[in-house]
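First up is the structure itself, then whatever we jot down about it.
Nothing in this text is a laboratory measurement; each read-out follows from the coordinates by a stated rule. Because the structure is a prediction, the values reported are computed rather than measured. We place every Cβ from the backbone using ideal geometry, glycine too, and count neighbours over all the protein chains shown.
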Amino acid sequence: MLLFGADSSALDKEEEDKDKVLQQILAWRKIGPISKLRNIIFWIFDFKQRIKKLLKLQDLELKDDVSQTATKLLPIKPVETRWNSIESAIKRAIKLQNPINRLIGDEVLE
């Protein structure tokens, strides 16, 4: 009685709430922004042609902006077991935002 109080059914309700929250988290992981980024990154790495095209788009961007360094980058694949890999993937995707957007736009139009 001391642990659960007078109403032991409150514990069952708490378990149901936890299950509902877990289902919401799992659903968010499938359609949330980090999941979308992960899917885009793996989509790019699916075919070598997309990687080459991404590098080519970076070349075009570097030619347009002379102030940038001539380093071409690839997206970083996030690893589920390393939390900082998601952070690294996000930071790299921000740097590659324009070439990735153009790559996706070109693929959609083809």
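Semi-axes of the equivalent ellipsoid of the stretch 33-109 are 21, 15, 10 Å, computed as sqrt(5λ) over the eigenvalues of the C-alpha gyration tensor in descending order. Per-residue Karplus couplings for the stretch 81-92, computed as 6.51 cos²θ - 1.76 cosθ + 1.60 with θ equal to phi - 60°, are listed in order as 8, 10, 5, 6, 6, 5, 4, 5, 5, 5, 4, 5 Hz, Gly and Pro entered as x. A Förster radius of 22 Å combined with the Cβ-Cβ distance from LEU62 to ILE94 puts the calculated FRET efficiency at roughly 0.85.
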